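First the structure, in the form of C-alpha coordinates, and then the observations on it.
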Amino acid sequence: MADRGIIFSAPMVRALLAGRKTQTRRLLSLSKYRGMTKFGPSNTAGFDWHFRRADQCWCDIRDDRLRELLPHSAADRLYVREAWRPHYLGDGVWDLDVSYAADGERRRIMDGEFEENDWSWPKAADRGNVPSIHMPRWASRLTLTVTDVRVQRVQEIDGADAEAEGCVWDSADGHDVWYVPGAQTPRNGATAAECFSILWDSLHTKPGTRWDDNPWVYALTFDATMGNIGQIEREP
(Lines give C-alpha, C1' and ligand atoms only; values in the text may rest on other atoms or scores of the structure.)
Protein backbone atom coordinates (compact mmCIF):
# COMPACT_ATOMS: atom_id res chain seq x y z
CA MET A 1 0.00 0.00 0.00
CA ALA A 2 1.42 3.35 -1.02
CA ASP A 3 0.35 6.93 -1.64
CA ARG A 4 1.24 8.15 -5.13
CA GLY A 5 0.28 10.89 -7.57
CA ILE A 6 -1.53 10.24 -10.85
CA ILE A 7 -2.14 12.71 -13.70
CA PHE A 8 -5.52 13.25 -15.40
CA SER A 9 -6.60 15.55 -18.23
CA ALA A 10 -9.39 18.10 -17.71
CA PRO A 11 -12.15 15.96 -19.35
CA MET A 12 -11.15 13.02 -17.15
CA VAL A 13 -11.11 15.17 -14.02
CA ARG A 14 -14.66 16.30 -14.82
CA ALA A 15 -15.67 12.65 -15.28
CA LEU A 16 -14.19 11.86 -11.86
CA LEU A 17 -16.04 14.77 -10.27
CA ALA A 18 -19.31 13.61 -11.86
CA GLY A 19 -18.80 10.09 -10.53
CA ARG A 20 -18.72 8.58 -14.03
CA LYS A 21 -15.10 7.49 -14.07
CA THR A 22 -14.02 4.51 -11.96
CA GLN A 23 -11.28 3.07 -14.19
CA THR A 24 -8.14 4.25 -15.96
CA ARG A 25 -5.74 2.49 -18.32
CA ARG A 26 -2.05 3.28 -18.48
CA LEU A 27 0.70 1.98 -20.74
CA LEU A 28 2.40 -0.99 -19.14
CA SER A 29 5.70 -0.27 -17.44
CA LEU A 30 7.68 -2.26 -14.89
CA SER A 31 9.84 -0.77 -12.17
CA LYS A 32 13.51 -1.80 -12.48
CA TYR A 33 13.01 -2.67 -16.16
CA ARG A 34 12.95 0.58 -18.08
CA GLY A 35 13.09 0.02 -21.81
CA MET A 36 11.62 -3.47 -21.68
CA THR A 37 9.95 -4.74 -24.89
CA LYS A 38 8.21 -7.84 -26.33
CA PHE A 39 5.95 -8.24 -23.28
CA GLY A 40 3.44 -11.09 -23.41
CA PRO A 41 2.32 -14.47 -22.00
CA SER A 42 5.18 -16.83 -21.24
CA ASN A 43 5.47 -20.24 -22.89
CA THR A 44 7.86 -21.45 -20.18
CA ALA A 45 6.37 -23.92 -17.68
CA GLY A 46 5.80 -22.37 -14.25
CA PHE A 47 5.77 -18.78 -15.50
CA ASP A 48 2.97 -16.46 -16.61
CA TRP A 49 4.68 -13.60 -18.47
CA HIS A 50 7.86 -12.83 -20.34
CA PHE A 51 9.57 -9.74 -21.74
CA ARG A 52 12.85 -8.63 -23.24
CA ARG A 53 15.04 -6.37 -21.09
CA ALA A 54 16.76 -3.29 -22.48
CA ASP A 55 19.96 -5.34 -22.80
CA GLN A 56 18.00 -7.79 -25.04
CA CYS A 57 17.95 -10.63 -22.47
CA TRP A 58 14.63 -12.43 -22.01
CA CYS A 59 12.95 -12.66 -18.58
CA ASP A 60 10.16 -15.01 -17.43
CA ILE A 61 8.15 -14.03 -14.35
CA ARG A 62 5.11 -15.21 -12.43
CA ASP A 63 1.99 -13.09 -12.15
CA ASP A 64 2.54 -12.27 -8.47
CA ARG A 65 6.02 -10.90 -9.29
CA LEU A 66 4.59 -8.89 -12.19
CA ARG A 67 2.15 -7.21 -9.84
CA GLU A 68 5.00 -6.23 -7.53
CA LEU A 69 6.68 -4.47 -10.47
CA LEU A 70 3.64 -2.48 -11.64
CA PRO A 71 3.54 1.25 -10.83
CA HIS A 72 0.29 0.82 -8.84
CA SER A 73 -1.32 -1.99 -6.85
CA ALA A 74 -4.56 -2.74 -5.04
CA ALA A 75 -5.06 -0.64 -1.86
CA ASP A 76 -2.79 2.15 -3.13
CA ARG A 77 -4.15 5.66 -2.65
CA LEU A 78 -3.65 8.03 -5.58
CA TYR A 79 -3.89 11.80 -5.31
CA VAL A 80 -5.13 13.27 -8.59
CA ARG A 81 -2.79 15.78 -10.23
CA GLU A 82 -4.55 18.25 -12.55
CA ALA A 83 -3.98 21.72 -14.01
CA TRP A 84 -4.32 24.35 -11.27
CA ARG A 85 -3.22 27.77 -10.10
CA PRO A 86 -2.59 29.47 -6.76
CA HIS A 87 -3.86 32.94 -5.91
CA TYR A 88 -1.46 35.86 -5.66
CA LEU A 89 -2.21 38.63 -3.16
CA GLY A 90 0.61 40.93 -4.28
CA ASP A 91 3.86 42.04 -2.67
CA GLY A 92 5.28 38.53 -2.92
CA VAL A 93 2.44 37.02 -0.86
CA TRP A 94 0.48 33.95 -2.04
CA ASP A 95 -2.95 33.10 -0.65
CA LEU A 96 -3.84 29.66 0.70
CA ASP A 97 -6.41 29.19 -2.07
CA VAL A 98 -6.10 27.02 -5.19
CA SER A 99 -8.26 27.08 -8.33
CA TYR A 100 -8.65 24.14 -10.71
CA ALA A 101 -8.68 24.54 -14.49
CA ALA A 102 -11.09 21.65 -15.17
CA ASP A 103 -14.11 23.39 -13.60
CA GLY A 104 -12.91 26.63 -12.01
CA GLU A 105 -13.50 25.48 -8.43
CA ARG A 106 -11.59 27.42 -5.79
CA ARG A 107 -10.55 25.57 -2.63
CA ARG A 108 -8.96 26.71 0.60
CA ILE A 109 -5.93 24.66 1.61
CA MET A 110 -6.59 23.35 5.13
CA ASP A 111 -4.21 22.88 8.04
CA GLY A 112 -2.57 19.47 7.97
CA GLU A 113 -2.60 19.16 4.18
CA PHE A 114 0.96 20.32 3.80
CA GLU A 115 4.20 20.48 5.72
CA GLU A 116 5.95 23.83 6.07
CA ASN A 117 8.89 22.74 3.91
CA ASP A 118 6.47 21.65 1.15
CA TRP A 119 4.90 25.10 0.87
CA SER A 120 6.29 26.50 -2.37
CA TRP A 121 4.81 27.60 -5.69
CA PRO A 122 6.10 26.37 -9.06
CA LYS A 123 7.70 29.08 -11.19
CA ALA A 124 4.90 28.62 -13.74
CA ALA A 125 2.39 29.94 -11.18
CA ASP A 126 3.03 33.57 -12.12
CA ARG A 127 2.01 32.83 -15.73
CA GLY A 128 -1.46 31.42 -15.00
CA ASN A 129 -2.49 27.77 -14.79
CA VAL A 130 0.20 25.34 -13.70
CA PRO A 131 0.44 22.02 -15.62
CA SER A 132 -0.79 18.93 -13.79
CA ILE A 133 2.72 17.46 -13.64
CA HIS A 134 3.64 20.30 -11.27
CA MET A 135 0.73 19.82 -8.85
CA PRO A 136 2.04 19.02 -5.35
CA ARG A 137 0.24 16.59 -3.07
CA TRP A 138 -1.16 19.33 -0.84
CA ALA A 139 -2.95 21.05 -3.75
CA SER A 140 -4.88 17.92 -4.85
CA ARG A 141 -8.64 17.74 -4.22
CA LEU A 142 -9.41 14.16 -5.37
CA THR A 143 -8.19 10.88 -3.88
CA LEU A 144 -8.55 7.47 -5.55
CA THR A 145 -8.30 4.14 -3.72
CA VAL A 146 -7.30 1.31 -6.05
CA THR A 147 -9.53 -1.78 -5.73
CA ASP A 148 -8.32 -3.88 -8.68
CA VAL A 149 -5.46 -4.07 -11.19
CA ARG A 150 -5.56 -6.02 -14.48
CA VAL A 151 -2.91 -6.47 -17.17
CA GLN A 152 -4.37 -6.69 -20.69
CA ARG A 153 -4.15 -5.29 -24.19
CA VAL A 154 -5.93 -1.99 -24.65
CA GLN A 155 -8.34 -3.45 -27.24
CA GLU A 156 -9.62 -5.97 -24.68
CA ILE A 157 -11.75 -3.23 -23.14
CA ASP A 158 -15.49 -4.00 -23.25
CA GLY A 159 -18.51 -1.72 -23.18
CA ALA A 160 -18.91 -1.69 -19.40
CA ASP A 161 -15.24 -0.86 -18.90
CA ALA A 162 -15.40 1.90 -21.54
CA GLU A 163 -18.31 3.44 -19.65
CA ALA A 164 -16.29 3.18 -16.43
CA GLU A 165 -13.52 5.06 -18.26
CA GLY A 166 -15.88 8.05 -18.61
CA CYS A 167 -17.69 7.42 -21.91
CA VAL A 168 -21.30 8.69 -21.93
CA TRP A 169 -24.31 7.62 -24.03
CA ASP A 170 -26.29 10.36 -25.81
CA SER A 171 -29.46 9.75 -27.82
CA ALA A 172 -30.74 13.34 -27.96
CA ASP A 173 -31.49 15.22 -31.20
CA GLY A 174 -31.15 12.11 -33.35
CA HIS A 175 -27.59 11.46 -32.23
CA ASP A 176 -26.98 7.94 -30.94
CA VAL A 177 -23.37 8.01 -29.79
CA TRP A 178 -21.02 7.27 -26.99
CA TYR A 179 -18.79 10.26 -26.30
CA VAL A 180 -16.51 11.82 -23.70
CA PRO A 181 -17.45 15.40 -22.78
CA GLY A 182 -14.65 17.67 -23.90
CA ALA A 183 -13.15 15.12 -26.29
CA GLN A 184 -13.77 14.32 -29.97
CA THR A 185 -17.23 12.84 -30.62
CA PRO A 186 -17.40 9.55 -32.59
CA ARG A 187 -19.79 8.96 -35.47
CA ASN A 188 -23.41 7.96 -34.90
CA GLY A 189 -23.78 4.37 -33.81
CA ALA A 190 -20.25 4.06 -32.43
CA THR A 191 -19.85 1.59 -29.58
CA ALA A 192 -18.53 2.56 -26.17
CA ALA A 193 -15.24 0.82 -26.97
CA GLU A 194 -14.92 2.81 -30.22
CA CYS A 195 -15.54 5.98 -28.22
CA PHE A 196 -12.74 5.01 -25.85
CA SER A 197 -10.42 4.28 -28.79
CA ILE A 198 -10.76 7.90 -29.94
CA LEU A 199 -10.05 9.14 -26.43
CA TRP A 200 -7.02 6.82 -26.21
CA ASP A 201 -5.56 8.07 -29.50
CA SER A 202 -6.01 11.69 -28.41
CA LEU A 203 -3.66 10.95 -25.52
CA HIS A 204 -1.26 8.46 -27.15
CA THR A 205 0.26 9.45 -30.49
CA LYS A 206 3.67 7.74 -30.53
CA PRO A 207 4.13 4.61 -32.67
CA GLY A 208 3.54 1.50 -30.60
CA THR A 209 1.21 3.26 -28.15
CA ARG A 210 -1.83 3.96 -30.35
CA TRP A 211 -5.11 2.05 -30.39
CA ASP A 212 -4.30 0.24 -33.63
CA ASP A 213 -0.98 -0.88 -32.14
CA ASN A 214 -2.96 -2.62 -29.34
CA PRO A 215 -0.32 -2.01 -26.65
CA TRP A 216 -0.23 -3.77 -23.29
CA VAL A 217 -1.72 -1.71 -20.46
CA TYR A 218 -2.57 -2.06 -16.81
CA ALA A 219 -6.16 -1.19 -15.94
CA LEU A 220 -6.90 0.32 -12.54
CA THR A 221 -10.34 0.19 -10.92
CA PHE A 222 -10.80 2.61 -8.04
CA ASP A 223 -13.14 4.38 -5.64
CA ALA A 224 -12.94 8.18 -5.89
CA THR A 225 -13.26 10.42 -2.82
CA MET A 226 -13.55 14.20 -2.89
CA GLY A 227 -10.88 15.58 -0.60
CA ASN A 228 -7.16 15.97 -0.15
CA ILE A 229 -5.30 12.76 0.62
CA GLY A 230 -3.84 14.35 3.76
CA GLN A 231 -7.36 14.74 5.18
CA ILE A 232 -8.61 11.23 4.35
CA GLU A 233 -7.90 8.42 6.77
CA ARG A 234 -6.52 5.22 5.31
CA GLU A 235 -8.85 2.28 5.84
CA PRO A 236 -7.42 -0.60 7.90
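The values are calculated or read from the model by the stated rules, or taken from the named source; none is laboratory data. This is a predicted model, so every value here is computed, not measured. Quick reminder, even Gly has a Cβ in these numbers, built from the backbone with ideal geometry, and neighbours come from all protein chains shown. Heavy atoms of the whole protein, side chains included, go into the accessibility calculation; ligands, DNA and RNA do not. Shrake-Rupley method; radii C 1.70, N 1.55, O 1.52, S 1.80 Å.
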- Task: Identify all residues within the range 35-79 that are in contact with a Ser or Thr (Cβ under 8 Å, 6 or more places away or on another chain) and among the charged types (D, E, K, R); write none if there are none.
- Result: 48, 52, 60, 67, 76, 77
- Would a scan of the range 37-45 turn up a residue that is out of contact with any Gly (no Cβ under 7 Å at 6 or more places or on another chain), under 27 Å from residue 144 (Cβ atoms) and open to solvent by 30 Å² or more (accessible area, probe 1.4 Å)? no
- Message: Here is a list: 9, 31. Which entry is polar (S, T, N, Q) and either over 24 Å from residue 210 (Cα atoms) or surrounded by fewer than 16 Cβ atoms within 10 Å (Cβ to Cβ) (or both)?
- Response: 31
- Can you find even one residue in the range 178-186 that is assigned to a strand (DSSP E or B), modelled with pLDDT of 85 or more and open to solvent by 30 Å² or more (accessible area, probe 1.4 Å)? no
- Query: When only residues in the range 12-28 that are part of a loop (DSSP other than H, G, I, E, B) and open to solvent by less than 60 Å² (accessible area, probe 1.4 Å) count, which is farthest from residue 152 (Cα to Cα)?
  - Reply: 19
- Query: Exactly one of (1) modelled with pLDDT under 90; (2) in a helix (DSSP H, G or I); (3) of a type outside the set (Ser, Thr, Tyr) is unmet by residue 155. Its number?
  - Reply: (1)
- Message: I'd like to know if the range 130-143 contains one or more residues that are part of a helix (DSSP H, G or I), modelled with pLDDT of 90 or more and not acidic (Asp, Glu).
- Response: yes
- Inside the range 189-236, can you point out the residues that are among the small types (Gly, Ala, Ser) and in a strand (DSSP E or B)? 219, 224
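Given the criterion more than 16 Å from the chain's Cα centre (by Cα), open to solvent by 10 Å² or more (accessible area, probe 1.4 Å) and on the phi > 0 side of the Ramachandran plot, identify the matching residue among 128, 159.
When all the criteria are applied, what remains is 128.
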- Task: Sort out which residues of the range 36-67 are in a strand (DSSP E or B) and either over 25 Å from the mean Cα position of the chain (by Cα) or not basic (Lys, Arg) (or both), and write them in order of number.
- Result: 37, 39, 40, 41, 49, 50, 51, 52, 58, 59, 60, 61
- Can you confirm whether the range 44-55 contains a residue that is within 27 Å of residue 8 (Cα to Cα), of a type in the set (S, T, N, Q) and touching a residue at least 12 places away in the same chain (Cβ under 8 Å)? no
- Task: Test residue 79 against the stated conditions and say whether it is surrounded by fewer than 19 Cβ atoms within 10 Å (Cβ to Cβ), in contact with a strand residue (DSSP E or B) (Cβ under 8 Å, 6 or more places away or on another chain) and of a type in the set (Phe, Trp, Tyr).
- Result: no
